[in-house]
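A short worksheet on the structure shown next.
The values are calculated or read from the model by the stated rules, or taken from the named source; none is laboratory data. Keep in mind that this is a model prediction, so the values were computed, not measured. With ideal geometry, Cβ positions are generated from the backbone for all residues, glycine too; neighbour counts draw on all protein chains shown. Keep in mind that these areas ignore ligands, DNA and RNA; they rest on the heavy atoms of the full protein, side chains included. Shrake-Rupley method; radii C 1.70, N 1.55, O 1.52, S 1.80 Å.
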Amino acid sequence: MSRWVSSLGLSLTIARVHLVSKPKQTIIAMLGVTFGIGMFIALIGLMTGLNDFTEEITMTSSPDIHIYNDITESRPSLLEMVNPQGLNVVHNQKPKNETAKLRGASRMLEVLRRDSRIYGVAPMITSQVFYNFGPTQLNGQIQGVEILEEDKLFDLKSKMKAGKLEDLLAFHEGIIMGSGLARKLNLAKGDRVVITTPQGFTRTLKVVGIFQIGIGAVDNVRSYANMSMVQTILQQDKSYVTDINIKLNNREMAQPIARELQANFVYKAEDWQTANATFITGNYIRNIITYAVSFTLLVVAGFGIYNILNMTIYNKMKDIAILKAMGFAGVDVRSIFMIQSLVIGLLGALLGITVGFVLSYLISKAPFNGGDVVSLDHFPVNFKLKYYITGIVFGLTTTAIAGYMPSRKAGRIDPIEILRGQ
Amino acid sequence: MTVLRTCGITKYFYDPEKFQVLKNISMEVQRGEFLSLVGKSGCGKSTLMYVLSTMDTDFEGELEIAGENLTRRSQNYLAAFRNRHIGFVFQFHYLLPEFTVLQNVMLPALKLGELSKAEIENRAIEKLQLLGMAEHARKKTNKLSGGQQQRVAIARALINNPDVLMGDEPTGNLDSHNSRIVFDIFRELTTVHKQTIIAVTHDEEFARQTDRVVEMSDGRIL
Ligand SMILES: Nc1ncnc2c1ncn2[C@@H]1O[C@H](COP(=O)(O)OP(=O)(O)OP(=O)(O)O)[C@@H](O)[C@H]1O
Ligand SMILES: [Mg+2]
């Protein structure tokens with residue numbers, strides 16, 4: 001054991017001397033690794049930072065399960081109902097003439113509120129409306145809600161830019177408007193806006209608050225109003241509800257629970273994964289690209305190390321021969337060069353994560369305007385320890401692989417061939 | 001006492017064509033003997049030395065050093081054996097250029113790992129003194145003359161007190177003055193320190209003054 005340790009110590013000494021006696025070569029090999037890892041840290045930090053940021057606002061502003069009446073869902077045709085055994089062809093079948101109403105919503109709500117897996121439930125009425133802006137009309141959406149229940153699910157309080165949620169309760173004809181929409185309509189808190197329903201009814205409402213969730217797709221079209229008021233302007237009764245939003249205690253359970261609810265209630269129950277499928281795929285692809293780019297950079301660095309080590313071994317052929325003649329075994333010689341490549345890898349990786357950290361920090365301080373799409377004033381960058389550890393592991397693995405083949409070759413050198421050649 | 005014994009050593013080269021380079025070589029070397037190996041160029045002296053030094057294992061016959069049979073041993077075993085029992089000096093010094101004289105001499109002992117670093121250093125200085133090189137201990141090896149470098153290489157070969165010191169034309173690259181110095185050192189090592197030495201040489205003068213001259217011709221010992 002001690003023999004083995006002292007032998008390794010000796011290989012370490014020789015490796016150090018080799019590295020130090022060719023500083024330029026060592027530094028260039030190291031910088032290859034540094035560059036690869038630095039880029040990896042900066043890229044992964046930025047990519048996952050953006051992903052997490054958008055995921056955060058998307059997830060907090062969308063329900064875990066959304067129950068609604070999907071009137072476009074294909075249904076069995078009349079022909080199939082009366083003639084179930086026949087060979088029926090119904091071309092270009094249209095939806096039935098029915099409203100988006102959820103029948104028996106109050107019973108559904110009762111059941112849902114008793115379910116222990118569910119954190120909160122909020123009924124809602126959604127309708128397309130036109131916002132009148134002088135002579136022109138802007139297409140948008142109005143949601144009739146119980147504003148405090150909505151707040152429990154989506155934390156609306158923290159999204160308010162002007163006004164208070166309670167003002168909506170106090171003012172029946174009030175409306176809380178998305179910031180993008182308000183800007184387009186040139187409205188501020190306290191102003192009045194005229195809306196037109198699809199059925200052609202108009203109503204003048206007072207803007208009691210302005211919210212900003214941070215996603216253009218919501219802030220530019222949506223307003224919240226009192227449920228009873230929306231029922232009135234749509235000329236519907238008190239039981240009229242079009243959507244039920246649900247937040248779960250454990251979001252990962254959404255898929256099975258949604259399936260269960262859909263089976264029980266017959267209405268469409270959509271989980272957040274399905275609703276945000278494109279977004280989740282996008283995140284996934286961005287992560288793959290980041291890893292692919294970093295991996296490529298590291299492979300290039302690996303080739304650099306491979307080359308330099310090969311060159312060193314070529315130049316040290318005589319030294320290797322004499323070491324073997326003196327009694328160094330193949331494994332001793334191999335470890336001399338393996339150590340060199342691992343030292344290059346470790347130093348390169350440590351410097352790399354430092355560079356990566358500095359780059360990430362600079363990026364996180366750089367001003368950036370998210371425009372209408374997302375409300376951002378600088379890049380969100382992740383500084384997770386996980387990525388720094390991954391970087392070091394990446395660097396060491398690449399250099400170990402790159403160093404292995406030349407080192408093995410060095411260990412196998414036949415001293416006689418070299419000594420005789422002189 | 002026999003330090004080295006061979007029995008029927010035979011070796012072939014197959015490239016470019018099958019060619020028997022060593023033919024049934026049997027010899028014995030006694031402790032403290034100073035033996036020179038001579039013969040025409042190409043007769044197989046170096047090849048025999050590589051076999052004796054355990055670096056070349058591709059031969060038939062038996063090889064025994066310090067009472068140990070070395071045929072069919074693993075490469076790792078032979079490396080450790082060389083480290084402890086054999087010192088080798090070449091025509092060229094083969095010192096490691098990045099290390100000092102002292103470090104070069106210490107290397108085989110560090111590899112052996114039986115003594116502390118301080119003890120090894122003391123012993124290295126001792127060996128350098130024996131070769132009159134102690135005052136150059138801290139120099140880089142490329143700051144020395146050819147003769148001085150060869151003396152450092154001899155000190156390095158002696159550091160683990162080997163049973164046999166082997167040399168393949170150890171004075172082949174030296175002028176007559178330096179050859180003389182190296183020869184005198186060898187002479188002193190064998191008489192005073194009972195060091196066994198086998199040296200290949202082309203120098204008749206050198207050979208004549210050794211204890212025994214073994215002549216080779218065409219792969220055979222005459
Ligand atoms: N690797 C090899 N492959 C084939 N033949 C070889 C090889 N090495 C040496 N030989 C041949 O073996 C013979 C013996 O070579 P060796 O080097 O032992 O001679 P030597 O007696 O040391 O000669 P010199 O006095 O010139 O050093 C020579 O004919 C040489 O050409
Ligand atoms: Mg020769």
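Using a 1.4 angstrom probe on the protein heavy atoms only, line up B:139, B:11, A:152, A:238 by accessible area, largest first.
Heavy-atom accessible area, descending, gives A:238, A:152, B:139, B:11.
Could you compute the FRET efficiency for residue A:202 and residue A:291, with r as their C-beta to C-beta distance and R0 at 41 Å, rounded to 0.05?
E(calc), rounded to 0.05, equals 0.15.
If amide H atoms are built 1.01 Å from N in the plane of the peptide, which residues on other chains or at least 5 residues away come under 5 Å of the amide H of residue B:21?
B:11, B:12, B:13
In the range A:303-329, which residues give up 40 Å² or more of accessible area once the other protein chains are added, compared with their chain alone (1.4 Å probe)?
Output list: A:319, A:322, A:325, A:326, A:327.
Using a 1.4 Å probe on the heavy atoms of the protein chains only, list every residue of the range B:18-64 that has 10 Å² or more less accessible area in the complete assembly than in its chain alone.
At a threshold of 10 Å² (probe 1.4 Å), the residues of the range B:18-64 that become less exposed are B:47, B:50, B:55, B:56.
Going out from 0 in 5 Å bins, what whole percent of all Cα-Cα distances in the range A:352-422 drops into each bin?
Per 5 Å bin, starting at 0, the Cα pair percentages come out as 3, 13, 12, 11, 10, 10, 8, 7, 6, 5, 4, 4, 3, 2, 1, 0.
In degrees, nearest 10, range 0 to 90: what is the angle between the Cα axis of helix A:23-61 and the longest Cα principal axis of chain A?
10 degrees
Might you tell me the accessible area per residue for chain B, computed with a 1.4 Å probe and given in Å²?
44 Å²
Compute the signed sum of charges (Lys and Arg +1, Asp and Glu -1) over the other residues within less than 14 Å, Cβ to Cβ, of residue A:119.
Charge balance in the 14 Å sphere: -1.
Please determine, in degrees from 0 to 90 and to the nearest 10, the orientation of helix A:2-21 with respect to the longest principal axis defined by the Cα atoms of chain A, where the helix direction is its Cα long axis.
80 degrees
So what is the accessible area of the range A:223-273 per residue, in Å², with the probe set to 1.4 Å?
With all protein chains present, the range A:223-273 gives 43 Å² per residue.
How would you classify the range A:178-326 from its alpha-carbon gyration tensor, with a ≥ b ≥ c the square roots of the eigenvalues: rounded for a/c under 1.5, else prolate if a/b is greater than b/c, otherwise oblate?
Verdict is prolate for the range A:178-326.
So what are the ³J(HN,Hα) numbers for the range B:74-87, from phi and the Karplus equation (6.51, -1.76, 1.60; θ = phi - 60°), rounded to whole Hz, Gly and Pro as x?
Listing the rounded values in order: 6, 4, 5, 5, 5, 4, 5, 5, 4, 4, 8, 10, 10, x Hz.
Ordered by residue, what ³J(HN,Hα) values in Hz, to whole numbers, does the range A:264-270 give under the Karplus form 6.51 cos²θ - 1.76 cosθ + 1.60, where θ = phi - 60° and Gly and Pro are x?
For the range A:264-270, the Karplus curve yields 6, 9, 6, 6, 5, 10, 10 Hz.
Tally Lys and Arg at +1 and Asp and Glu at -1 over the other residues with C-beta under 15 Å from the C-beta of residue A:364: what net charge comes out?
Taking every other residue near residue A:364 into account, the sum is 0.
Can you give the accessible area of residue A:318, probe radius 1.4 Å, in Å² rounded to 10?
Counting only protein heavy atoms, the figure is 90 Å².
Determine the order of A:361, A:224 by accessible area, beginning with the largest, at a probe radius of 1.4 Å.
Final ranking, largest accessible area leading: A:361, A:224.
Please report the spacing between the Cα centers of the range B:47-103 and the range A:248-293 in Å, no decimals.
With the range B:47-103 and the range A:248-293 each reduced to a Cα centre, they are spaced 69 Å.
Determine the dipole magnitude for chain B: charges of +1 sit on the beta-carbon of Lys and Arg, -1 on that of Asp and Glu, nothing else is charged, the reference point is the Cα centre, and the result goes in debye to the nearest 20.
480 debye
Apply the a/c threshold of 1.5 to the C-alpha gyration tensor of the range A:83-221 and tell me whether it is rounded, prolate or oblate.
Judged from the Cα gyration tensor, the range A:83-221 comes out oblate (a/c at least 1.5, b/c at or above a/b).
Rounding to the nearest 10 and keeping the result within 0 to 90°, find how far the Cα-based axis of helix B:146-158 lies from the longest principal axis of chain B.
Helix B:146-158 sits roughly 80 degrees off the main axis of chain B.
In whole Hz, with x marking every Gly and Pro, tabulate ³J(HN,Hα) for the range A:221-233 from phi via Karplus 6.51 cos²θ - 1.76 cosθ + 1.60, θ = phi - 60°.
10, 9, 10, 9, 9, 5, 4, 5, 5, 5, 4, 5, 5
Which trypsin sites (Lys or Arg not before Pro) in the range B:58-87 pass both tests, a DSSP loop state and at most 11 other beta-carbon atoms within 10 Å?
Passing sites in the range B:58-87 are B:72.
Using the Cα centre as the reference, give the magnitude of the dipole from point charges on the C-beta atoms of the range B:43-148 (Lys, Arg: +1; Asp, Glu: -1; all else neutral), rounded to the nearest 20 debye.
Value, rounded to 20: 460 debye.
With a sphere of radius 12 Å drawn around the Cβ of residue B:141, what net charge do the other residues whose Cβ falls strictly inside it have (Lys, Arg +1; Asp, Glu -1)?
+4
Please give the residues from the range B:66-80 for which the solvent-accessible area of heavy atoms, probe 1.4 Å, is smaller by at least 20 Å² with all protein chains in place than with the chain isolated.
Residues of the range B:66-80 that lose at least 20 Å² of accessible area once the other chains are added: B:76, B:79.
State the number of lysine pairs found in the range A:84-166 whose Cα atoms come within less than 29 Å, restricting to pairs 8 or more positions apart or on distinct chains.
Lysine pair count for the range A:84-166: 5.
Could you tell me which of rounded, prolate or oblate describes the range B:88-198, using a ≥ b ≥ c as the square roots of the eigenvalues of the alpha-carbon gyration tensor, with rounded for a/c under 1.5 and, failing that, prolate when a/b is larger than b/c and oblate otherwise?
oblate
Provide the descending list of Cα extents for chain B along its principal axes, expressed in whole angstroms.
For chain B, the Cα spread along each principal axis is 48, 38, 38 Å.
Express the carbon and sulfur contribution to the solvent-accessible surface of the protein assembly as shown as a percent, rounded to the nearest whole number, probe 1.4 angstrom.
Here it works out to 56 percent.
Can you pull out the buried accessible area for chains A and B, both sides counted, probe 1.4 Å, rounded to the nearest 100 Å²?
It comes to approximately 2300 Å² buried between A and B.
In the range A:50-144, which trypsin sites (Lys or Arg not before Pro) are in a loop and have at most 10 other Cβ atoms within 10 Å, using DSSP for the loop call?
In loop regions of the range A:50-144 (DSSP not H, G, I, E or B), the sparsely surrounded trypsin sites (Lys or Arg not before Pro) are A:96.
Taking H placed 1.01 Å from N in the peptide plane, check which residues at least 5 places from residue A:203 or on another chain put their amide H under 5 Å from its amide H.
Result for residue A:203 returns A:195.
Could you let me know the centre-to-centre spacing of the range B:152-222 and the range A:96-155, using Cα atoms, in angstrom?
Value for the Cα centre distance between the two parts: 102 Å.
State the volume of the convex hull built on the alpha-carbon positions of the protein assembly as shown, expressed per residue in Å³ and rounded to an integer.
So the per-residue Cα hull volume is 279 Å³.
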